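The values are calculated or read from the model by the stated rules, or taken from the named source; none is laboratory data. For clarity, every value in this text was computed on a predicted model and none was experimentally measured. A quick note on method: Cβ atoms are made from the backbone with ideal geometry, for glycine too, and the neighbour counts reach across all protein chains shown. Protein only, heavy atoms only, side chains kept; ligands, DNA and RNA dropped before computing areas. Shrake-Rupley method; radii C 1.70, N 1.55, O 1.52, S 1.80 Å.
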Amino acid sequence: QVQLVEAGGGLVQAGGSLRLSCAASGTIFLSINAMGWYRQAPGKQRELVALIRSGGSTDYGEFVKGRFTITRDNAKNTVYLQMNSLKPEDTAVYYCNLQATNSIGWRLPDYWGQGTQVTVSS
């Protein structure tokens, strides 16, 4: 069974930094296509923060504007999100996301972590 364990959320002042991590387990029979982070603020839809594909290409939400960097340690099945220059509007629950296919190449439903709260004070 796939599990995504997130860490690194918390409270930080505007302009500060946080580093989120997400470790995946139970993926031995899967082919991981991408891992990344989404976020959801109260009253808003979940949105993409950053995604890194198995080949190393990345996508970022438009609001990131060079402030965040996503990296991945394939050996550890762990993805990291370095967030710098944080703003109060970055306050949200951040969810780890994993996209994978099974042994016969079928795309599986996305896997999600439990979420970690990031709060940026002004």
(request) Collect the residues in segment 76-120 that are open to solvent by 60 Å² or more (accessible area, probe 1.4 Å) and touching a Leu at 6+ places or on another chain (Cβ under 6 Å), keeping them in residue-number order. (result) Tyr111
(request) Identify all residues within segment 72-105 that are under 17 Å from Thr116 (Cβ atoms) and among the polar types (S, T, N, Q); write none if there are none. (result) Thr78, Gln82, Thr91, Asn97
(request) Using the structure shown, decide if Val12 is β-branched (Val, Ile, Thr) and under 26 Å from Ile104 (Cα atoms). (result) no
(message) Condition (residue is of a type in the set (S, T, N, Q) and closer than 17 Å to Gly16 by Cα) applied to segment 86-98: is it met by at least one residue?
(response) yes
(message) I'd like to verify a number: residues in segment 99-122 that are under 17 Å from Ser21 (Cα atoms) and acidic (Asp, Glu), how many?
(response) 0
(request) Select from segment 48-68 the residues that are out of contact with any strand residue (DSSP E or B) (no Cβ under 7 Å at 6 or more places or on another chain) and either small (Gly, Ala, Ser) or under 15 Å from Thr78 (Cβ atoms) (or both) and list them in ascending order. (result) Gly55, Gly56, Ser57, Gly66
(message) For segment 68-97, which positions are within 14 Å of the chain's Cα centre (by Cα), within 22 Å of Ile32 (Cβ to Cβ) and either β-branched (Val, Ile, Thr) or modelled with pLDDT under 95 (or both)?
(response) Thr69, Ile70, Thr71, Asp73, Asn77, Thr78, Val79
(request) May I ask you to list pairs of residues, at least six apart or on different chains, whose Cβ atoms are under 9 Å apart, with the first in segment 40-64 being under 21 Å from Ala23 (Cβ atoms) and the second being at pLDDT below 95 and open to solvent by 90 Å² or more (accessible area, probe 1.4 Å)? (result) Ser54/Asn74
